[in-house]
1. Highest GNM mean-square fluctuation, the chain, Cα pairs closer than 10 Å: which of Met206, Met242, Met349?
2. Percent relative contact order of the chain, based on C-alpha pairs within less than 8 angstrom and at least six residues apart?
3. Which value in deg cm²/dmol, rounded to the nearest 500, describes the helix-derived mean residue ellipticity at 222 nm for the chain, given -39,500 (n - 2.57) per DSSP H run of n ≥ 4 and division by the residue count?
4. Residue farthest toward the positive end of the dipole of the chain, with Cβ of Lys/Arg at +1 and Asp/Glu at -1: which of Ser269, Gly191, Pro115?
5. How are the alpha carbon pair distances in the chain distributed across 10 Å bins from zero to the largest one, expressed in percent?
6. Among bridges DSSP assigns within the chain, what percent are antiparallel (round to 5)?
7. First obtain the Kirkwood hydrodynamic radius of the range 184-380 from its Cα pairs, then insert it into the Stokes-Einstein equation at 37 °C and 0.692 mPa s, and state the resulting D in µm² per second as a whole number.
8. Under a 10 Å cutoff between Cα atoms, tell me which one of Gly341, Gly312, Gly233 has the largest fluctuation in the Gaussian network model of the chain.
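Please treat every number below as a calculation from the coordinates, not as lab data. Quantities reported herein were computed from a predicted structural model and do not represent experimental measurements. When we count neighbours, we look across all protein chains shown, and the Cβ atoms used for this are built from the backbone with ideal geometry, even at glycine.
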Amino acid sequence: MNFNFYTHCDIAFGKGSSAEIPGMIERHGMKNVMVIYDQGVKAAGIADKVLEKVKEANVNITVYDKVLPNPANDQVEEAALIAKEAKINGFVAVGGGSSIDFAKAVNILMTNPGPIGRYGGIGNVVNDVYPLIAIPTTAGTSSEITNVVALIDNQAVCKYVIIDNKITATGVIADPEFTKTMPASVTAATGMDAITHAVESYISNMASPLTEYNSLKALQIFYRNLPKAVEDGSDMEAREQMMLGCIIVGFAFSNANLGLVHGIAHTLSAHFGLSHGMANATVLPYVMEFNAESCPEKMVELAKAIKLPLTGDLNKDKYLFAKEMKRLSNKIGIRTLSEQGVDIKDLDMLAEDVLKEPVLNFNPRQNITKEQIMEILHKAF
Ligand SMILES: NC(=O)c1ccc[n+]([C@@H]2O[C@H](COP(=O)([O-])OP(=O)(O)OC[C@H]3O[C@@H](n4cnc5c(N)ncnc54)[C@H](O)[C@@H]3O)[C@@H](O)[C@H]2O)c1
Ligand SMILES: [Zn+2]
């Protein structure tokens, strides 16, 4: 058995862990700090709470509060200019995956020449970056743990990823209190993204025993707690478990990568601005039906992990998990592609673009055709 597994992080987890922000800033040697978030996190009162804590560290603070969902290249470059002007040498990102990814991308440009798009792919960042403390407010993308940034390239109209161990956050404050204000629809969408990470990393052709262990454990946690967190946003036990699952699965997909569900979701977000989690959730059951041909035993293991009753017939059992994902999605309000504003005449163009997604290389079923993607998109329509 051979595998590589990278991990690198200083994590403070649990209710009240935000009290550790000043200590972590000092420990990581930051002096001129850029605090990055978006307007939703500001409106929820979280940004102000974090800023109060950052101030206790006695550092110079520059705020960048204009992050948009599905962040794009041009905005990253604009923020990097501001950061360079302010001689920033450390970042605090508070928010969902958009704000954390945004901060990671700006950080790359502090010590590496632009434009940011040149770092797309795996291992292309040349120089080390500054310390970054990630404070997630969704559960979620696991961006606080991963070596990944996902950005929109407005010119090429695609979402591409930068994957590099150098860009991983150096510190994480995972305080479930910060996820309490997520509306039910955001809880559902981001939670289904987390489930998709568990599933796609588990069946990925890069999976190793260590990533598989994390993927299955995280899946069990998400499956048990996501419906509770959607139903009652103040259920702090469920919120805490969701946040824990995101850390567990972040280690898995940083090392095992993802697959076709993410390839489709990236294309949908790039063309139509669909929320990442909702886009994943919409196509997840149909991609799993499709993948079941190539990894039937693993599909049964996923069903077993969440204790679905098996028939003992592999040909039937390999579809149980996909069917259950459909039921769960309906229960928590996941929308179809048409309900998210996609037009049926766009499916052809979308399928064409999905084929260009590098993440397809890690999907268990290979040699995917445009017709097969069209079929998945029609089912999700
Ligand atoms: N780096 C990675 O490993 C990785 C993995 C998966 C996804 N992503 C990327 O992350 C982005 C999506 O991130 P996301 O799903 O966390 O959503 P997000 O960061 O875009 O946030 C979604 C919305 O929810 C609001 N919000 C967030 N937390 C809130 C809270 N606690 N209370 C109230 N409102 C809150 C935000 O203001 C925003 O309006 C996408 O760009 C996706 O591609 C990155
Ligand atoms: Zn995702």
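1. Looking only at Met206, Met242, Met349, the largest GNM fluctuation is found for Met349.
2. On the way: 755 pairs, mean separation 58.2, N = 381.
Computed value for the chain: 15 percent relative contact order.
3. Values: 15 runs with 188 residues, N = 381.
Rounded to the nearest 500, it is -15500 deg cm²/dmol.
4. Comparing the listed Cα positions along the dipole, Gly191 ranks first.
5. 5, 26, 35, 24, 8, 1, 0
6. In the chain, DSSP labels about 20 percent of beta bridges as antiparallel.
7. Working: Rh = 16.6 Å.
Calculated translational D: 198 µm²/s.
8. Of the options given, Gly312 has the highest mean-square fluctuation.
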